[in-house]
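A quick write-up on the structure given underneath.
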Amino acid sequence: MSEANARLLRQGVTDLTVDAGYLRDWTQLEAACRQARPDIVAISIDERPGQVIALVKRVRTMFPQMAFLAIAGTPPVASLVREVTEAGLADLVFLPECPKDLRRALGALAARERAPTVDGDIICLLGAKGGVGTTVLASNLAAELAARNPAAPVILVDLHVYLGDLAVGLDVQPRPSVLWFLQRGAIADAKTWAEAPPVHKAGFRVLGLDGDLASADPVSAEQVVHLCAKLKERYPFVVIDCGSEIAEVSLAACSVAKERLIVLTDELAARTGATRRRDALRALDLGPVPCRAVLNRAHEWSEPYRERLEKSCGMPLVGAVSNAWQDMQTALEKGQVLRQSAPRGAAARDLARLAEVLVGADPEEERRKKAFFNFFR
C-alpha cells in the first residue's frame, strides 16, 4: 500500500484508534508487533497475498490476542477470501470503499460483546505416563464439578494436541474444536466462547479435537495461555486434559492453572513418570506445592499406603479413585460418565469426593467438624 493511501486511512479513523505506527516493509511484521504490541493490525494483501497471509498466520501464534484486518485494493477472489478466513484475520476491508469500510470493520471489533469476568479456576490433569486414565478422570471430574452447582458452567478441554480422543470417548461432536479456538480465538466474540462448545449430557461443555490433525498448525505456549485466559473469563471451572507429554502445550496450561494434578497408578513406570513430571513443574517456579497426585485404579487406600506412595512419588496425594475397569468401559461404550452409568459405584463416589476436595469442601473434614461440635452439645 502506498504511503498516501495509508495516510488517508489513518486520518479516517483517528477518532476510533490511537496510532501505533506505520510499517513500510511487511516482512518486518513480527518485529513491529513485538515492539508496538498493537490491539489491531491492518495489512494490505495486494502484494504477494499468499506470503502475507502465511506471515500473519505465523505472527498470530505469537500474539493470539491481536486482531488482524486484511486490506484489498481489488475485489478478492473466493479462494483468497477463504484463505483470509482460515488464517484467522478478523475482517476483509475493500480499499476503494475506505475509510468507510475500515471504520465499519473497526466498529464491528469494538462492538463485540464482552462477557463479565468470572475469574474461574483451571484444573490441569497430566498423566504420569500413557494409559493411566487421565482422559477418563478429566471427563468424570468435569461431570462431578458440573453436578455440584448447575448454575456454575464447567468446560472440559482436550489439550492432548494431535493425539487426544476425549470427544470420541464422550460421543460429542467437537465443532468448533479446541484448535479452532487456539488459532482463531481472537476473532470469536463472547457468545461464541460461551455457547459454541457442545454440551455433554452430563451438563458440562466440551472442547475436543476434530479432523485430520496431522496437517494442523503447531500450537504455541502463547496460544494456550490466551485460550486459558479467555475460558477463565466465562467458566467458573475449566478442566484440562493435558495427556501425558511434558511439552510446551502441557507446561503452558499448567503454568496458569490453579490446580495441577499428576495422574498415576501404583506401578513402577507410573511412579517414575510422576517424579519426572513433578520435577518439570517445579522448574516452572509455581510455588511451594507445584502439583499434587491422584491415584487411579486404586486397590487400597489406607493411611500407611498413602504415606508410602507419597514418599515414593515425592508429592502429596489429593485422592484416589477405585479400580472399576468394567464400570469405566461400560461408560465409554455409551459415551457417558460414571455419574450416568454407575452412580452408586465406588469409583463414582471417589470422584465426587475428589471434586469436593479440589473446590475446598473436604467431606471428611466436614464430618470431623460435625463430630467435634456434636461432642460438646
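Every read-out reported here was derived from the displayed coordinates using simple, explicitly stated rules and does not represent laboratory data. Bear in mind that the values here come from a model prediction, so they are computed numbers and not experimental data. Cβ coordinates were reconstructed from backbone atoms using ideal geometry, including for glycine residues, and neighbour counts include every protein chain displayed.
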Out of T117, T330, T14, a Gaussian network model of the chain with alpha-carbon springs under 10 Å gives the largest mean-square fluctuation to T14
Hey, got the Cα dimensions of region 3-110 along the principal axes, in Å, largest first?
-> 33, 30, 26
Could you work out how far helix 49-62 tilts from the main Cα principal axis of the chain, as a 0 to 90 degree angle to the nearest 10?
-> 40
Which is the longest run of the chain containing none of the GluC sites (Glu not before Pro) found in DSSP loop states (not H, G, I, E, B) with at most 10 other C-beta atoms within 10 Å?
-> 114-377
With charges only on Cβ, +1 for K and R and -1 for D and E, what is the dipole size of region 3-110 about its Cα centre, in debye, rounded to 20?
-> 180
Within the set of other residues whose C-beta is less than 15 Å from the C-beta of R82, count the net charge using Lys and Arg as +1 and Asp and Glu as -1.
-> -1
Would you calculate a helix-derived [θ] at 222 nm for the chain, using -39,500 (n - 2.57) for each DSSP H run of n ≥ 4 and dividing by the full residue count, to the nearest 500?
-> -13500 deg cm²/dmol
Tell me, what ³J(HN,Hα) does each residue in region 256-262 have, in order and in whole Hz, if you take phi through Karplus 6.51 cos²θ - 1.76 cosθ + 1.60 with θ = phi - 60° and put x for Gly and Pro?
-> 10, 7, 7, 10, 10, 10, 8
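Relative contact order for the chain: what is it in percent, counting Cα pairs under 8 Å that are at least 6 residues apart?
17
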Using only the alpha carbons, work out the radius of gyration and Dmax of the chain in angstrom.
-> 24.2, 85
N149 paired with E303, simple spin-label distance in nm, labels 7 Å along Cα-to-beta-carbon = 3.2
For the cross-link pairs K129/K191; K232/K311; K311/K334; K129/K201; K57/K201, which exceed 32 Å when the distance is taken from alpha carbon to alpha carbon?
-> K129/K191; K232/K311; K311/K334; K57/K201
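Filter the trypsin sites (Lys or Arg not before Pro) in region 102-157 down to the DSSP loop ones having no more than 11 other Cβ atoms within 10 Å, then list what survives. Don't skip to the end; give the middle numbers.
Numbers: sites: R103, R104, R112, R114, K129, R148; in loops: R112, R114, K129.
Loop-located and lightly packed - R114.
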How high is the relative contact order of region 31-146, in percent, counting Cα pairs under 8 Å that sit 6 or more residues apart?
-> 18
Counting Lys and Arg as +1 and Asp and Glu as -1 over every other residue whose Cβ sits under 9 Å from the Cβ of V318, the net charge comes to 0
DSSP-loop trypsin sites (Lys or Arg not before Pro) across region 180-265, with at most 16 other Cβ within 10 angstrom | K201, K258
Can you pull the one-decimal nm distance between simple spin-label points at D189 and T17, each 7 Å off the Cα toward Cβ?
-> 2.1
Folded to 0 to 90 degrees: helix 303-313 orientation relative to the chain principal axis, Cα | 40
One finds the C-alpha centres of region 7-69 and region 109-166 to be spaced, in Å, by 33
Roughly how many debye, to the nearest 20, is the charge dipole of region 171-329 about its Cα centre, given +1 on each Lys and Arg Cβ, -1 on each Asp and Glu Cβ, and no other charges?
-> 340
Using a Gaussian network model of the chain whose springs link C-alpha atoms within less than 10 Å, name the residue from N140, N323, N149 with the highest mean-square fluctuation.
-> N149
What residue among A128, A20, A202 shows peak mean-square fluctuation when the chain is described by a Gaussian network model with Cα springs under 10 Å?
-> A20
Long-range amide H contacts for F68: which residues qualify at under 5 Å (H placed 1.01 Å from N, peptide plane, sequence gap of 5 or more or a different chain)?
-> V41, A90
³J(HN,Hα), Karplus 6.51/-1.76/1.60, whole Hz, each residue of region 125-142, x for Gly, Pro = 10, 10, x, 5, 6, x, x, 8, x, 4, 5, 5, 5, 4, 4, 6, 5, 4
Pull up all non-local amide H partners of V154: gap of 5 or more, or a different chain, and H-to-H distance under 5 Å with H placed in the peptide plane.
-> R205
At what distance in angstrom do the alpha carbon centres of region 305-329 and region 172-224 lie from each other?
-> 31
